[in-house]
Each structure stands twice: as C-alpha cells, then as structure tokens.
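Heads up, the thing below is written out as structure tokens.
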C-alpha cells in the first residue's frame, strides 16, 4: 500500500452551520493556545464548532468561546482539561485592532469556520461574518436550487 505524502495540513473539524446562518465577508487564520490533552483530542477529531464565537476583550486579546473539545480518552482524571473553556487566539496586534474596529463599525461577528493542523500546529480559520435573517436563508436556498436545476438542464441538453 502506497502512502500519500502529507503536506502538513489536516482539517480536524469544520463549521458547516456557519455558512447557512452567516454571510461570510472575510476570513483569517489564527493560532490557538491549547493544553496537551486538548491537542491529543484534536488529533482524534473530538471537537464541536457549531456554537463557537470569538470575542476581543478590552485589552485587545481574542478568545474563542463555545468550542467543545472532548477529553482525551487516555488522559488521567487529574491531567484532563475543561471541555468548554475559553481559549486564547494567537494573532498579531494590528490584525486584532483592525478586526475589532471593523466588528464595532459594521456590527459583524467573528466565528470559527474550521480547525486544522498546519505544519504540526493547531490553527483556526476565523470568518468575519454578518448574520442572516430567515428570509435571507430562504433566498439563498432558492438561488442554490435554481442554479442546480439550470446546471442539470444544461448537462441534459449537452448530452443530446
């Protein structure tokens, strides 16, 4: 069996619900400050991003809330971690300042889109997004269905 070369990037979890509930305007990459057992759990893909969000506090530090990383199966009871604790995000100060200003001016949210390993380090893809209303969600679904139907019709016509 031939093993494919690993380029160092491996997606652990993605937030599929975010694309439905938010209109993504811009995306960023940030590092995550994790405990040892959290890294082991991430490697086993024991993470849930669905309710995650990011807050930038008054000191200009970004924290990830609402992301649940399950305890590692082989960790001792004393050495484990709290599953839903806030986790510090590692970004440059000027990036954080720009994000904070844009979030305040345009009333935007900063949400995690995916967690992955890049060259052995845990990273999170953050998206600057605007929340969608119910009627916006219905319009997006209707447009997607119409595009799919048009593609099917073109494919059917090209086959004949």
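The values are calculated or read from the model by the stated rules, or taken from the named source; none is laboratory data. None of the values given here were measured: they were computed from a predicted structure. Heads up, the Cβs are rebuilt from the backbone with ideal geometry, glycines too, and the neighbour counts pull from every protein chain shown.
Number of residues in the range 39-50 that are assigned to a loop (DSSP other than H, G, I, E, B) and over 18 Å from residue 128 (Cβ atoms): the value is 4. Exactly one residue among 78, 105, 33 is surrounded by fewer than 17 Cβ atoms within 10 Å (Cβ to Cβ), modelled with pLDDT of 90 or more and farther than 30 Å from residue 135 by Cβ, and that residue is 33.
Listed here are the residues, each with its yes/no results for (1) at pLDDT 85 or above; (2) assigned to a loop (DSSP other than H, G, I, E, B); (3) surrounded by 13 or more Cβ atoms within 10 Å (Cβ to Cβ).
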| position | (1), (2), (3) |
| --- | --- |
| 3 | no, yes, no |
| 20 | no, no, no |
| 24 | yes, no, yes |
| 37 | no, no, yes |
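Condition (residue is touching a helix residue (DSSP H, G or I) at 6+ places or on another chain (Cβ under 8 Å) and under 21 Å from residue 126 (Cβ atoms)) applied to the range 35-43: is it met by at least one residue? No, the range 35-43 contains no residue that is touching a helix residue (DSSP H, G or I) at 6+ places or on another chain (Cβ under 8 Å) and under 21 Å from residue 126 (Cβ atoms).
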